[in-house]
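These notes are about the structure you will find just below.
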Amino acid sequence: MRSDYVTDAPLASELLDFIESQRDKKGNLIAILHKAQEVYGYVPWDLAEKLSEELQVPLAKIYGVLTFYHYFKLNKPGKSTISVCMGTACYLQGAPELIDELSRILGIGVGETSADGEFSIESVRCVGCCGLAPVVTVDEDTFGKLSAGQLAEILGRYRAAHAEAEERMVAAGAGSAGATAEVNHG
Amino acid sequence: MGYSRYDLESPYSQFCYVCSGVGCEQKKSEDLYRNIKNEVRNRGIGASVQVVRTGCFGLCEKGPIVKMLPEETVYIDVKPEDAAELVERHLVKSEIVTRLQLKDTARRPHLEVKNDRGHYQKQVRIVLRNCGKIDPENIDEYIAREGYGALDKALFEMTPEQIIEELKLSGLRGRGGAGWPTWLKWNFGRKAAAAAGTAYVVCNADEGDPGAYMDRSTLEGDPHSVLEAMTIAAYTIGATQGYIYIRAEYPLAIKRLETAMKQARDYGLLGENILESGFSFDIEIRLGAGAFVCGEETALIASIEGERGTPKPRPPFPTDSGVWGMPTVINNAETWANIPVVILRGGKWFARIGTENSKGTKVFALTGKVNNTGLVEVPMGTTLREIIYDVGGGMQEGKAFKAVQTGGPSGGVITAGHLDTPIDFDNLAKLGSMMGSGGMIVLAEDDCIVDVTKFYLEFSVEESCGKCAPCRIGTRKMFNILDRFTKGTARPDDLWNLEVIADATKKASLCGLGQSAPNPILSTLQYFRHEYLAHIDDETCPAGVCKDLMKYSIDAEKCIGCTVCARKCPVACIDGKSKELHVIDQERCIKCGACVAACKFDAVLIA
Ligand SMILES: Cc1cc2nc3c(=O)[nH]c(=O)nc-3n(C[C@H](O)[C@H](O)[C@H](O)COP(=O)(O)O)c2cc1C
Ligand code: SF4
Ligand code: SF4
Ligand code: SF4
Ligand code: FES
Ligand code: FES
């Protein structure tokens with residue numbers, strides 16, 4: 001589970017602990033930004049501001065690094081992230097058509113999040129199972145040998161799962177978006 | 001290598017390998033592994049059967065994979081619920097579970113080269129020697145296969161000079177792309193370190209080529225080999241700190257490396273006073289963040305230092321001024337994986353494999369329109385024909401071969417006329433391509449050369465760091481021209497423009513990215529100029545890929561007016577009454593091909 005980023009809340013203790021452990025390591029900025037993204041799922045502008053203060057590093061430098069590396073997300077990702085492999089093998093087996101179809105269904109392009117906050121689309125390079133090309137991963141699941149026609153059904157499944165998870169949250173009466181987030185290293 | 005695991009003195013007589021590579025893990029191989037372990041325990045055969053998790057077998061599309069030794073039986077598509085049957089029948093009753101068995105003998109884990117009689121040769125597997133054979137999360141298994149023997153030998157029996165001499169004898173050249181002799185790099189690093197008083201060693205595991213994954217497989221399947229090699233290098237040049245720069249997109253490899261580093265420290269093989277030799281060295285992992293240019297060594301150094309990863313002019317070379325301005329030896333992950341073998345077997349042994357100027361083996365990621373895709377490790381000097389037809393099992397669905405792309409976005413194509421060229425650094429360069437990191441994409445008649453080239457240029461546009469104008473602007477301009485070719489709007493002088501810009505970008509760019517980004521264009525123009533011309537002069541795409549150049553129409557002779565196509569067309573641009581000829585409105589047609597697939601009477605024509 002990720003922590004929700006809330007502007008007025010203090011930084012998650014997990015992130016602060018990590019910063020502490022990195023305090024006197026040289027060149028720690030990228031590692032800290034990785035951690036921030038791991039905790040919150042993205043690194044919004046005002047989080048960068050807070051980090052600038054916390055680390056005593058100029059904001060310009062933090063923003064420079066954040067925008068240089070594709071991996072860092074500045075906008076909040078959807079509940080599920082759809083990553084279309086655009087490695088060579090997948091490209092040749094029709095990955096561009098998958099992206100077109102996803103864009104058509106969700107009304108967004110690569111790097112964007114759907115208006116309802118359900119999905120975001122990413123393009124990634126070879127995920128290492130070219131034998132399955134074209135490959136799409138949704139969160140932790142991999143789908144291989146996909147055709148555009150299968151996408152709507154797959155998205156439907158995740159929509160249903162999101163709704164179910166929400167219901168369970170409500171039923172448990174827990175809005176506990178606690179300050180501690182579980183580390184998920186893959 | 002001389003022995004296999006089960007002839008070692010081992011308390012076990014049977015081995016069950018469960019793949020835990022990315023492909024299989026996605027298909028619940030972890031549950032499968034747990035179930036098999038439980039079944040083995042419940043049947044009380046745990047003392048003789050060892051259940052091991054391994055790295056990718058290169059059979060991902062058929063995963064999860066289970067391999068049984070000593071029978072060498074490979075099971076595919078094994079579900080967690082199959083565990084009981086597999087254990088009961090294979091391990092207890094010694095019968096083959098034919099239902100799950102991989103029968104297609106052409107399709108073996110880690111593709112191997114056949115000899116003349118169609119048998120699998122004992123392959124010289126150096127880099128992938130342990131992948132799929134040991135549990136990468138268990139240091140004991142690495143040690144049981146001579147792991148850390150090279151480190152022991154280096155620390156206690158060899159001087160740094162002797163190590164460099166052995167590397168020189170081996171003829172090992174870097175596998176990260178440029179093929180720089182490894183001994184030379186270490187030697188420069190060592191001399192500079194002596195003057196500077198400190199130095200760093202770095203493993204480049206950024207693996208940016210969008211069609212390659214050998215570094216990742218090596219790190220997932222055999223992380224200790226890289227740690228051991230880096231420690232040997234550190235001892236040789238006098239470094240006390242190492243970095244592994246790895247893509248954040250490789251979480252499994254990162255996890256395996258972290259586990260391996262911890263185990264190595266516990267065993268006294270990494271950290272303070274290694275093997276009580278008095279020599280200390282430790283390694284830190286640095287995560288890349290999705291920038292291809294960070295594979296370039298000066299950019300990688302900037303990134304390790306926590307900065308934007310923009311390249312710097314060389315010299316100074318990293319061996320003189322690298323991380324924190326100190327001498328730094330950077331090698332590619334696959335290069336590192338070769339080192340322990342060179343040290344243990346000796347440079348002479350290693351140099352017997354390969355060609356005159358390219359020694360050892362190379363791992364390729366074979367993909368595209370061949371029957372067997374996956375990682376292939378072959379001796380340098382193997383021909384493309386052997387790789388594609390013997391290892392790769394030939395072309396998919398009997399398609400006609402068009403070309404092989406090597407070297408990814410920095411490389412080029414090799415045509416049918418050169419299939420018998422022995423592959424090594426120099427021959428590939430002579431043909432206008434390059435070894436690169438080892439992506440090998442087989443293209444068939446139905447792949448459009450212009451479209452493939454556009455793909456690589458799009459990659460370079462996205463990955464150009466923007467620091468220098470020739471690359472930033474040149475790649476964009478070249479992409480735009482190629483885009484016009486694929487859209488049917490290219491101008492007569494575009495071919496000429498393309499060549500001029502390619503040449504300028506190659507000459508004027510600061511780093512390897514810009515310097516090599518035009519290669520896919522230059523190489524395809526050399527061999528497939530006619531395909532470019534067809535896109536302009538005839539306004540056709542010979543491969544039938546570029547949609548904007550295609551026209552869908554309905555054959556009046558064949559159409560029976562069944563209306564199916566009209567109902568399937570997503571933009572409703574097919575008109576016609578039931579039982580009458582249907583017609584496609586060319587203006588509105590988006591060329592999706594749905595009508596072709598829908599028509600049962602082959603009445604829709606593509607031109
Ligand atoms: C744009 C660019 C990208 C590169 N990407 C990689 C890479 O992903 N992995 C790698 O090992 N080397 C890469 N290299 C080559 C490195 O700069 C460097 O030469 C190599 O890591 C040295 O290791 P080696 O001597 O073992 O080959 C790249 C070079 C350029 C110019
Ligand atoms: S050649 Fe391209 S990637 Fe290299 S420094 Fe110049 S702009 Fe950056
Ligand atoms: S190609 Fe697609 S858009 Fe064009 S007519 Fe056929 S179904 Fe309709
Ligand atoms: S599906 Fe084929 S036969 Fe039927 S109306 Fe369309 S073109 Fe004619
Ligand atoms: S190119 Fe998509 S998995 Fe390799
Ligand atoms: S991940 Fe199991 S075979 Fe590739």
Express as a percent, rounded to the nearest 5, the fraction of DSSP beta bridges in the protein assembly as shown (both residues included) that run antiparallel.
55
Can you give me the long-range amide H partners of B:T382? Hydrogens built in the peptide plane at 1.01 Å from N, cutoff under 5 Å, separation of 5 or more residues or another chain.
B:I423
May I ask you to evaluate 6.51 cos²θ - 1.76 cosθ + 1.60, the Karplus curve with θ = phi - 60°, for each residue of segment A:159-167 and list the ³J(HN,Hα) values in order in whole Hz, giving x for glycine and proline?
4, 4, 5, 4, 4, 5, 4, 4, 4
Within 13 Å, Cβ to Cβ, of B:L155, how many net charges do the neighbouring residues add up to if Lys/Arg are +1 and Asp/Glu are -1?
-3
Using all alpha carbons of segment B:385-448, what is the percent of pairwise distances in each 5 Å bin, ordered from the shortest bin to the longest?
4, 18, 30, 27, 16, 5, 0
Would you mind estimating how fast segment B:551-606 diffuses translationally, via Stokes-Einstein at 4 °C and 1.567 mPa s with the Kirkwood radius over Cα pairs, in µm²/s?
121
Quick one: 3J(HN,Hα) in Hz for segment B:20-37, Karplus 6.51/-1.76/1.60 with θ = phi - 60°, rounded, Gly and Pro as x.
10, x, 4, x, 6, 4, 5, 9, 6, 5, 5, 5, 4, 4, 5, 4, 5, 4
CD proxy at 222 nm, helix term only [per DSSP H run n ≥ 4: -39500 (n - 2.57); per residue of chain B; nearest 500]
-10500 deg cm²/dmol
Taking each residue in B:433-439, count the Cβ atoms of any other chain within 10 Å of its Cβ, then average. What number comes out?
1
Tell me which lysines have Cα within less than 19 Å of B:K454's Cα, excluding those fewer than 8 residues away on the same chain?
B:K369, B:K402, B:K477, B:K487, B:K506, B:K547
Distant-in-sequence amide H partners of B:T54 (H built 1.01 Å from N, under 5 Å):
B:V18, B:C19, B:S20
For chain B, what proportion of DSSP beta bridges, expressed in % and rounded to the nearest 5, is antiparallel?
55
Please list, or write none, the aspartates and glutamates whose alpha carbon is within less than 18 Å of the alpha carbon of A:K50, excluding same-chain residues fewer than 8 places away.
A:D4, A:D8, A:E14, A:D17, A:E20, A:E38
Hull volume in cubic angstrom per residue (convex hull over the Cα atoms of segment B:139-348):
109
Take every residue in peptide A:63-73, count the Cβ atoms of other chains within 10 Å of its Cβ, and give the average of those counts.
5
Can you give the Rg to Rh ratio for chain A, taking only C-alpha atoms and Rh from Kirkwood?
1.00
What lysines could a cross-link reach from B:K191, if we take a straight Cα to Cα line under 28 Å and drop same-chain neighbours fewer than 8 places away?
A:K25, A:K26, B:K153, B:K168, B:K312, B:K348, B:K359
Only bridges with both residues in chain A count here: give the DSSP antiparallel percent, nearest 5.
55
Tail beyond 53 Å, pair distance distribution of the protein assembly as shown (Cα, percent)
12
Measure of size requested: the Rg and Dmax of segment B:449-536, with Cα atoms as the atom set and Å as the unit; please supply both.
11.9, 36
Add +1 for every Lys or Arg and -1 for every Asp or Glu among the other residues with Cβ under 11 Å from the Cβ of B:C599, and state the total.
+1
How large is the translational diffusion coefficient of segment B:247-320 in µm² per second when you combine the Kirkwood radius over alpha carbon pairs with Stokes-Einstein at 4 °C and 1.567 mPa s?
91
Of all accessible heavy-atom area on the protein assembly as shown, the percent that carbon and sulfur account for (1.4 Å):
51
Just tell me how shielded A:128-139 is by partners: mean number of partner chain Cβ atoms within 10 Å of each residue's Cβ, no decimals.
6
For chain B, what does the convex hull of the Cα positions come to per residue, in cubic angstrom?
173
5 angstrom amide H check on B:R175, placed H, neighbours 5+ away
B:N332, B:T335
Once phi for every residue in segment B:132-137 is put through the Karplus expression 6.51 cos²θ - 1.76 cosθ + 1.60 (θ = phi - 60°), the whole-Hz ³J(HN,Hα) values, with Gly and Pro written as x, are x, 10, 10, 7, x, 9
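The values are calculated or read from the model by the stated rules, or taken from the named source; none is laboratory data. Not measured: the values here are computed from a predicted model. Please note: Cβ atoms are built from the backbone with ideal geometry, for glycine as well, and neighbour counts cover all protein chains shown. Side chains included, ligands, DNA and RNA excluded: accessible areas come from the protein's heavy atoms. Shrake-Rupley method; radii C 1.70, N 1.55, O 1.52, S 1.80 Å.
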